[in-house]
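Have a look at the structure below, then the notes.
Taken together, the values in this text are just the output of simple stated rules run on the coordinates, not laboratory data. Quick caveat: nothing in here was measured; it's all calculated off a predicted structure. As a convention, Cβ positions derive from the backbone with ideal geometry for all residues, glycine included, and neighbour counts pool all protein chains shown.
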Amino acid sequence: MTALAETTETSTEAGAVPSFDVTLRIRRFDPDTGAEPRWEEFTVTAHGTDRVLDAMHKVKWEVDGSLTFRRSCAHGICGSDAMRINGRNRLACKTLLKDLDPSKPIVIEPIKGLPVIKDLVVDMEPFFASYREVMPFLITNGNAPTKERLQSPEDRARYDDTTKCILCAACTSSCPVFWTDGQYFGPAAIVNAHRFIFDSRDEGAAQRLEVLNDKEGVWRCRTTFNCSEACPRGIEVTKAIQEVKRAMITRAF
Amino acid sequence: MATTTPTGTLAAPRSARATRSRGSSRTNMEMVGWLFMRLSGVLLIVLIFGHLFVNLMVGEGINRIDFAFVGGKWADPFWQFWDLAMLWLAMIHGTNGMRTIINDYAERDRTRLVLKALLYLAFFVTVVLGTLVIFTFEPCPIGAPAELLPSFCPAP
């Protein structure tokens, strides 16, 4: 590989970051050829500080420009580059190569449970449809106040955890119930409902609980904790779902 | 440098989620089912371990189980109620659990239907048979040797 020779020289400088060769085993699908999805391996040179996304950039920019994946900010905030790396859902931009044992090929697949459009790009529409259904916006009654809607720090802390969601779909696409038929709302939608249900300024909790009380709502959660493990933001997703369940039961009885 | 190997088939695109039945739903069957699993689970722990303790450990323990012991127990309304509660709770708990698993894992509608029909049939047969046995059990069958029967049976 041509790119390989250039970069190995720079790493010999004193104090330089060590570099190493890493193999990416990427699941590829090209809808234009209609061919079966296939595995393709690329070997690139990476530095000890590089993330999986850096290695993928190198492949795309220097080896095979047809490799397709989403990424926007590349710093773990936009939630575009969730993918299944070595069998776990992670953000490619937050996963360091050195943490993944680069001596073995690093397996990269699209997230499961959503239709693949091309390579690592999936159709997020079913995911966002569920998100829209829980009405992720402030719902209030009566006249709007002339100043800000004030909230105590304690009330703010009540739903702080679920405000961290970046809608990357790592949780929903790690959920075995969602894998079955894609009808389940999924953890991400419930997390974003939780963010408003437990907001003291919001008055739409009853409507949201009613939406989530559906046959495909929170009661399909089997508390397998896949979502909590997958969340790149460290949200306690399963706990949030359980809190929504509890709110529903206390409301019903 | 890129090695290509064909593998598997692409997951078929899935249908959009069916539109939900909107309407006032403070409770629904899924919630009742979820709650029932928790409550019946706690009750079943008490009932089953109580049953095991009384049958296997109290007094002479397992050695005393015979026709007379079972006949004696089912002549007592307390044990009739205990066993009936255990039968019904365990059967509904187990059937609901199996129903959930079928819903989660059987993808084709037809498979779901067949499996659930078999499940409900098994539930129905077991519950009806069990209930009948508990309530119509005859502790003193005519013509049986007296030493095998509970002590309260009239002498033949």
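What ranking, highest mean first, results for peptides A:189-199, A:235-245 when packing means the other Cβ atoms within 10 Å averaged over each residue? Please report the intermediate quantities before stating the final value.
Working: A:189-199: 25.3, A:235-245: 21.6.
Listed from highest to lowest mean packing, they are A:189-199, A:235-245.
Placing pseudo-labels 7 Å out from each Cα toward the beta carbon at A:L138 and A:C78 gives an inter-label distance of 2.8 nm.
Using the alpha-carbon centroid of each, what span in Å lies between region A:113-160 and region A:54-88? Using only Cα atoms to place each centre, the spacing works out to 26 Å.
Summarising the label geometry, the points placed 7 Å from Cα in the beta-carbon direction at A:R149 and B:I101 lie 4.5 nm from one another. If a paramagnetic tag sat 7 Å from the Cα of A:F20 along the Cα-Cβ line, which residues of region A:86-130 would have the backbone N under 15 Å from that point? Counting only backbone N, you get A:96-107. Here the spin labels are modelled as points 7 Å beyond Cα on the Cα-Cβ line, and at A:T250 and A:K118 they lie 5.0 nm apart.
With an a/c value of 1.5 or above and a/b larger than b/c for the gyration tensor axes a ≥ b ≥ c computed over the alpha-carbon atoms, region A:15-122 is described as prolate.
Estimated at 0.36 nm per residue, the fully extended path between B:R110 and B:A146 surpasses their Cα-Cα distance by 7.5 nm.
What does the average come to when, for each residue of peptide B:32-40, you count the partner chain Cβ atoms lying within 10 Å of its Cβ? Each step should come with its number before you reach the end.
Numbers: counts 2, 1, 7, 6, 0, 0, 1, 0, 0.
So the per-residue partner count for this stretch is 2.
A prolate overall shape is assigned to the protein assembly as shown, the ratio a/c of its alpha-carbon gyration tensor axes (a ≥ b ≥ c) being 1.5 or greater and a/b exceeding b/c.
Averaged over the residues of B:98-104, the number of partner chain Cβ atoms lying within 10 Å of the residue Cβ comes to 3.
Measuring between alpha carbons in the structure, the pairs from A:K94/A:K164; A:K215/B:K116; A:K118/A:K239; A:K164/A:K239 lying more than 23 angstrom apart are A:K118/A:K239.
Under the convention that each Lys and Arg Cβ holds +1 and each Asp and Glu Cβ holds -1, the size of the dipole of region B:78-139 around its Cα centre is about 280 debye.
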